[in-house]
Number of protein chains: 2
Amino acid sequence: MTQLEMARQGIVSDKMKQAAADAGIDAEILRQRIAEGTAIVCHNNMHANGRPLAVGKGLPTRVNANIGTSKDDTSIDNELEKARVAVAAGADAIMDLSTGGPIDEIRRAIIAETQACIGSVPLYQAACDTVVKKGKAIVDMTADEIFDGIKKHLDDGVDFITVHCGVTLSTVERMDNEGRIMDVVSRGGSFTVAWMTHNNAENPLYEQYDRLLELVKPYDATLSLGDGFRPGCLADATDRAQIHELIILGELTQRAWDAGIQVMIEGPGHVPLNQIEANIQLQKSLCHGAPFYVLGPLVTDIAPGYDHITCAIGGAVAAGAGADFLCYVTPSEHLCLPNVQDVHDGVMATRIAAHAADIVKGLPGAMEKDIAMSKARKGLDWETQYCLAIDPELARKRRGESGVDEEHGACTMCGEFCAYKVMDERKPKQ
Amino acid sequence: MTQLEMARQGIVSDKMKQAAADAGIDAEILRQRIAEGTAIVCHNNMHANGRPLAVGKGLPTRVNANIGTSKDDTSIDNELEKARVAVAAGADAIMDLSTGGPIDEIRRAIIAETQACIGSVPLYQAACDTVVKKGKAIVDMTADEIFDGIKKHLDDGVDFITVHCGVTLSTVERMDNEGRIMDVVSRGGSFTVAWMTHNNAENPLYEQYDRLLELVKPYDATLSLGDGFRPGCLADATDRAQIHELIILGELTQRAWDAGIQVMIEGPGHVPLNQIEANIQLQKSLCHGAPFYVLGPLVTDIAPGYDHITCAIGGAVAAGAGADFLCYVTPSEHLCLPNVQDVHDGVMATRIAAHAADIVKGLPGAMEKDIAMSKARKGLDWETQYCLAIDPELARKRRGESGVDEEHGACTMCGEFCAYKVMDERKPKQ
């Protein structure tokens, strides 16, 4: 039985217990939410060293870090270091999106490196192997090659796979008719659309969706239904192609649930700040409460070099409105493959967004962290502040290097004129 | 006549013309908004080299950078470099908050250094001079010393002065009765409250508000009515003291308007994400549409080292909901005085928030920037992307250092598998 099937039968599995304990939620409540599809326990049965991760309603907003090589940058060591840094910085999940070098080896090394939940986009490798190993064009991939690629990732223990099943001929037609500035910016989406256009055929992952469900079931991996039409710029946001795909993803969600398979939905992308809440509400409505995993959203297109910040703004608002899982974006987005520092900074920015949203969601324990920090701050208790900080090392380093005069106990911003001290010392004239 | 008096009489002044041209708005529309108090043209008549800055309804969301020494760090050169960097990074205004070293000299040097709009908190210096030069305690300042300090800043050409006129005995009592974790975290607020408690007397800037209005009028400087009770942590947000002060600031706004003096209102602070919109609506309602100048808001307390990001999240949401002017927060907030890099990074983060909000506000030209960037991005036109980027230098540097293979024209993220390229090359099988 899959986790979803067990949950429906009232069975609280070991995975549910472990994930619930990690999340600080009651296992029976988690079971109920898994049963109704509003939460998942994400873990591939083949992922021996992986910890099941609960994602969804009532759970902490989760953070994913995308890593992986490209053809221009194929170092395994770099990617392993990124995986370590991402987990150390607090990422809950890592997606290996490698498209260059020894892809199988890299994926297996990353999986072996950490206990974190692992995701991938198997189509990337299928496409790369088609080009690099087989000397064919992407559009000449066969459906069997696509499914074989998925199986390979599942065999390695990938916990959630992004599959762009909602990219259909009718959605492509809608996009082409309405027109877009950026067309399709999802890599998997673009491979799929190019394949469909070339072959004048429906997307195999849509047409043979039942085959996909059968393939995934023994692993009990989670389907992360990809948004091939996620907007690549603000002007393309919330258009017909994006929303039509979301309707299809809702239908595919129910078919997966009927087959006993857990699902989350991937979401945008680049979205103006005032359209984010509507996007979340639409997803929750159209996909019957399935967990929503968003990439950003980025609230402006003009800030390359700072897209961890444009992402943190959109991610906080999205998660505050109900998104469950935030994929980070790093400062290198739109410019180059992230380096190790980018990965660290991206995770931190997205954790800030997730935490700000967890306060809005009323997640038990979230606001308490801020209260504890505020009490330590008011008391000028720096050691406690460092410990409670989202990045203790950085906080300690910044104040440590500031040449502060420890006699007044405050910081170099106000020194002895610190408002906290002034208030503590206020008293009526004797 | 002051700008406000001229605006009411239908006169479009030279300052209005200049500020309107800089803002890309019709001068007559700006005049109307100045007349109704929903916009200001911020410029002290004594600020010979300063450009008038329009702030408020229908105008770009403005960005302020706080700089200035503290007793622990008194270098003039550092502060001048921060002023240059802030303006180069796109700050519209600079507040000199110096409380250490030769404060007069520093302020005058900063004013001479740039054409940017200049703000200050004269009470800081009055308090510091009381302690350092006169050997008295802050609470022993006289009302005359406070007013003399304000006059000195006005004589130097400061365009807007923060005055904590809304800190009253009744508000202090409300705060003490309700209780707070952080009490007062505004420096000027804390000086004022300590003074009031010690002397068992009303705040001179409230009690002698007409004297303040008379003092300011010949300079035609803007009153920035400070929020001494701005919450210093999420748990203290939107409490009775904060909102009571805002009511008083609304009353003082009308008295300033009656005296022909322009006003903006300062706002929080630390605020949970889901309380920000209500805070903006309250200010707009209670202060009859006066421009709102917010410090943040920061959406969590636990991210010292990253408060430019917690500020960008809150600032974007605040400005999207109608805040007019964002005061940056730097990565050093809560840890130390910002260094030059912090100033740069703080301005950039806040500009991102301001721009994301300008898109929401429908500001003419805002969305067009994103569209132009998206077209350049889709066309892999890197030179145009760099030029349109919020930080061209950083964008150019990041891609330049990435070792990209220029043959494919994309970036190292996807290389030849770039979605834009895949989509451009899609075509039916021949």
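The values are calculated or read from the model by the stated rules, or taken from the named source; none is laboratory data. Here the structure is a predicted model, which means the values were calculated and not measured. All Cβ positions, even for glycine, are placed from backbone atoms using ideal geometry, and neighbour counts span all protein chains on display. Quick note on the areas: whole protein, heavy atoms, side chains included, nothing else; ligands and nucleic acids left out. Shrake-Rupley method; radii C 1.70, N 1.55, O 1.52, S 1.80 Å.
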Quiz item: Among the DSSP beta bridges whose two residues both lie in the stretch A:1-105, what percent are antiparallel, rounded to the nearest 5?
Solution: 55
Exercise. As a check on your grasp of the helix formula, calculate [θ] at 222 nm for chain A: sum -39500 (n - 2.57) over DSSP H runs of n ≥ 4, divide by the residue count, round to the nearest 500.
Key: -14500 deg cm²/dmol
Quiz item: Which residue, A:Thr192, A:Thr130, A:Thr384, tops the fluctuation ranking in a GNM of chain A built on C-alpha contacts under 10 Å?
Solution: A:Thr384
Quiz item: If exposed GluC sites (Glu not before Pro) are those in a DSSP loop with at most 10 other Cβ within 10 Å, what is the longest stretch of chain A that has none?
Solution: A:1-405
Quiz item: Computed from the mean reciprocal separation of all distinct C-alpha pairs, what Kirkwood hydrodynamic radius does the protein assembly as shown have, in Å?
Solution: 28.0
Self-check item: Square roots of five times the Cα gyration tensor eigenvalues for the stretch B:67-223, Å
Solution: 27, 17, 16
Practice problem: For the stretch A:29-89 and the stretch B:379-411, compute the distance between their C-alpha centroids and round to whole Å. | Solution: 31
Quiz item: By what distance, in whole Å, do the Cα atoms of the stretch B:138-278 stretch along each of the three principal axes, largest value first?
Solution: 41, 35, 24
Quiz prompt | Dipole moment magnitude, nearest 20 debye, chain B about Cα centre, only Lys, Arg, Asp, Glu C-beta charged | solution = 1020
Quiz prompt | Directionally averaged projected area (convex hull, Cα atoms, the stretch B:287-430), nm² | solution = 12.4
Quiz item: If you bin the C-alpha pair distances of the stretch B:149-223 every 10 Å from 0, what whole percents do you get?
Solution: 17, 45, 27, 10, 0
Self-check item: Label-zone membership for the stretch A:40-60, site A:Glu5, 7 angstrom Cα→C-beta point, backbone N under 20 Å
Solution: A:40-47
Quiz item: Using the eigenvalues of the Cα gyration tensor, what equivalent ellipsoid semi-axes result for chain B when each is taken as the square root of five times the eigenvalue, whole Å, largest first?
Solution: 39, 24, 22
Quiz item: Pick from A:Leu30, A:Leu335, A:Leu234: which is most flexible by mean-square fluctuation in a GNM of chain A where alpha carbon atoms under 10 Å apart are linked?
Solution: A:Leu335
Quiz item: Can you list the aspartates and glutamates whose alpha carbon sits under 20 Å from that of B:Lys284, skipping same-chain ones fewer than 8 residues off?
Solution: B:Glu36, B:Asp227, B:Asp239, B:Glu245, B:Glu251, B:Asp258, B:Glu266, B:Asp324, B:Asp358
Exercise. Can you pull the one-decimal nm distance between simple spin-label points at A:Asp140 and B:Gln115, each 7 Å off the Cα toward Cβ?
Key: 6.1
Quiz item: Label points 7 Å out from Cα along the Cβ direction at A:Ile76 and B:Gln254: separation in nm?
Solution: 7.5
Quiz item: Can you tell which of A:Gly101, A:Gly403, A:Gly267 shows the greatest fluctuation in a Gaussian network model of chain A with Cα springs below 10 Å?
Solution: A:Gly403
Quiz item: Any idea how far apart B:Val340 and B:Lys151 come out in nm if each label point goes 7 Å out from Cα toward Cβ?
Solution: 3.8
Practice problem: Calculate one ³J(HN,Hα) per residue across the stretch B:4-13 by plugging θ = phi - 60° into the Karplus curve 6.51 cos²θ - 1.76 cosθ + 1.60, and present them in order as whole Hz with x for glycine and proline. | Solution: 5, 5, 4, 4, 5, 8, x, 8, 8, 6
Quiz item: Of the trypsin sites (Lys or Arg not before Pro) in the stretch A:61-102, which ones lie in a loop per DSSP and count no more than 14 other C-beta atoms within 10 Å?
Solution: none
Quiz item: Using a 1.4 Å probe on protein heavy atoms, which residues of the stretch A:324-355 have at least 50 Å² less accessible area in the complex than alone?
Solution: A:His334, A:Leu335, A:Cys336, A:Ile352
Exercise. Could you sort the residues of the stretch A:84-120 by number and keep only those whose accessible area is reduced by 10 Å² or more in the all-protein-chain setting relative to the chain alone, 1.4 Å probe?
Key: A:Thr99
Practice problem: Report, for chain A, the % of DSSP beta bridges that are antiparallel, rounded to 5. | Solution: 15
Quiz item: Working out 0.36 nm times the residue gap between A:Lys217 and A:Val132, then minus their Cα-Cα distance, what length gain in nm do you get to one decimal?
Solution: 27.6 nm
Practice problem: Among A:Met413, B:Thr238, A:Tyr386, pick out the residue whose Cα is farthest towards the positive end of the charge dipole of the protein assembly as shown, where Lys and Arg carry +1 and Asp and Glu carry -1 on C-beta, about the Cα centre. | Solution: B:Thr238
Quiz item: Quick one: Cα centre-to-centre distance for the stretch A:256-322 and the stretch A:133-204, in angstrom?
Solution: 21
Self-check item: Candidate aspartates and glutamates for bridging to B:Lys375, where Cα separation is under 15 Å - those fewer than 8 sequence places away on the same chain excluded
Solution: A:Asp183, A:Asp236, A:Asp301, B:Glu383, B:Asp424
Quiz item: How much accessible area is lost when chains A and B come together, counting both sides, with a 1.4 Å probe, in Å² rounded to the nearest 100?
Solution: 8800
Exercise. For the protein assembly as shown, give the percent of accessible area contributed by carbon and sulfur heavy atoms, probe 1.4 Å, rounded to a whole number.
Key: 49
Quiz item: So if R0 is 22 Å, what FRET efficiency would B:Asn200 and B:Arg240 give, r being the distance between their Cβ atoms, rounded to the nearest 0.05?
Solution: 0.50
Quiz prompt | Per residue accessible area of chain B, 1.4 Å probe, in Å² | solution = 33
Self-check item: List of the stretch B:254-282 residues, accessible area with partners at least 10 Å² below that of the chain alone (1.4 Å probe)
Solution: B:Pro272, B:Leu273, B:Asn274
Quiz item: What translational D, rounded to a whole number of µm²/s, comes out for the stretch A:1-63 from Stokes-Einstein when the hydrodynamic radius is the Kirkwood one over Cα pairs, at 37 °C and 0.692 mPa s?
Solution: 291
Practice problem: Let me see the pair-distance distribution of the stretch B:1-142: every alpha carbon pair, 5 Å bin width, integer percents in order. | Solution: 2, 10, 18, 17, 15, 13, 11, 8, 5, 1, 0
Practice problem: Convert 37 °C to kelvin, take the viscosity as 0.692 mPa s, use the Kirkwood radius over C-alpha pairs of the stretch B:366-424 as Rh, and evaluate the Stokes-Einstein diffusion coefficient in µm²/s, rounded to a whole number. | Solution: 274
Exercise. Beyond 22 Å, what share of the Cα-Cα pairs of the stretch A:224-298 is found? Please give it as a whole percent.
Key: 15
